[in-house]
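Okay, so here's the structure we're looking at.
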Amino acid sequence: MTWERTIGRVAFINCEPIFHGLDDTWNVLPAPPSWLTGHLLRRDCIIAPIPAADYAKNSNELVLIPDLAISSKGEVGSVLLFGKMSVNKMKTIAMPSDSATSVTLLRHLVKIHNLSPKFIEMGPDLDGMLEKCDGCLLIGDRALEGASTYPDLVQMDLGAEWLKVSGHPMVFGVFAARADSNLEMVKSAHKALVERLSSFENDEDVRTEVIRVSSEKLSQSVKRLERYFGEVINRIDPDDMRGLKLFLRDACGMEDEPRMAWN
């Protein structure tokens, strides 16, 4: 398949509602969030969900796709700071190498709270990170599993904390395309994903199947994932956009308005 028939996806279950049952005329390229930015820029895929912070860095080359995102309106459940002490006592925090938005967000949040821990980039492994640091940030499936195994170590849900300090939802991942991509191919990929998301939202059988498949992938209970797919949200609305613009401006230093592929 050509890159124009390839869609990038985050290799976590937070994208399962958008990709489950996708027409097999599309090729799917799974990767960690930060890797997808490179894939998109190199034309390995036509659209992909990338970290919002990476969009800010590459906004001159990329445009945002409407309707789709990886966001939360409070607790997200899978972007978590772990540690054996409260955040205001942490002197060192291990940051994962597979994320951009959550790292930028955590740096922004501790600055708001007048804290100044030392940040150390490490591979995303909870035990290894906490051996060397007071706290550690994990995202996606690893964060879900860490919270399930060590609930007492969860010190901050970054989605909930962003809502507290900003009053807006947090958009962790945006769907983007190269600005010079064929617009009809971009719209075709967008249509395919929106159809899958609509099925998840409106067809109880599809929702049940997505949760069952996700439970098998992670060994998480169906009950936990029923709640999780209300914490992580894949459809972006006007309030989400306000939160995104605030994050891009205040945390990422992006001065320009984000460019949309179409309105």
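Throughout, read-outs are computed from the coordinates displayed, never taken from laboratory work. Remember, it's a predicted structure, so these values are computed and weren't measured experimentally. Ideal geometry is used to build each Cβ from the backbone, glycine not excepted, and the neighbour counts take in all protein chains shown.
Some points to look at:
- Qualifying positions in the stretch 9-56 - out of contact with any Pro (no Cβ under 9 Å at 6 or more places or on another chain) and of a type in the set (Lys, Arg): 42, 43
- Only helices (runs of 4 or more DSSP H) whose full extent lies in the stretch 155-263 are considered here, and the ones with at least 1 residues that are touching a Pro at 6+ places or on another chain (Cβ under 6 Å) and either surrounded by fewer than 16 Cβ atoms within 10 Å (Cβ to Cβ) or not hydrophobic (A, V, I, L, M, F, W, C) (or both) are 238-250.
- Residue 107, sole failed condition from (1) part of a helix (DSSP H, G or I); (2) over 18 Å from residue 247 (Cα atoms): (2)
- Exclusive hit being among the polar types (S, T, N, Q), buried (at least 24 other Cβ atoms within 10 Å of the Cβ) and in a strand (DSSP E or B), set 99, 71: 71
- Strands (runs of 3 or more DSSP E) contained entirely in the stretch 1-62, each with at least 3 residues that are over 21 Å from residue 195 (Cβ atoms): none
- Annotation note: Cβ proximity below 6 Å between a residue of the stretch 74-86 that is closer than 13 Å to residue 105 by Cβ and a residue that is surrounded by fewer than 24 Cβ atoms within 10 Å (Cβ to Cβ) and among the β-branched types (Val, Ile, Thr) (sequence gap 6+ or interchain) occurs for 80/154.
- Checking residue 28 against (1) within 19 Å of residue 161 (Cα to Cα); (2) without any contact (Cβ under 8 Å) to a residue 24 or more places away in the chain; (3) among the β-branched types (Val, Ile, Thr), the condition it does not meet: (1)
- The set of residues from the stretch 3-27 being within 17 Å of the chain's Cα centre (by Cα) and hydrophobic (A, V, I, L, M, F, W, C) comprises 7, 10, 11, 12, 13, 15, 18, 19.
- Checked against (1) surrounded by 24 or more Cβ atoms within 10 Å (Cβ to Cβ); (2) closer than 19 Å to residue 179 by Cβ; (3) hydroxyl-bearing (Ser, Thr, Tyr), residue 78 passes all but a single condition, namely (2).
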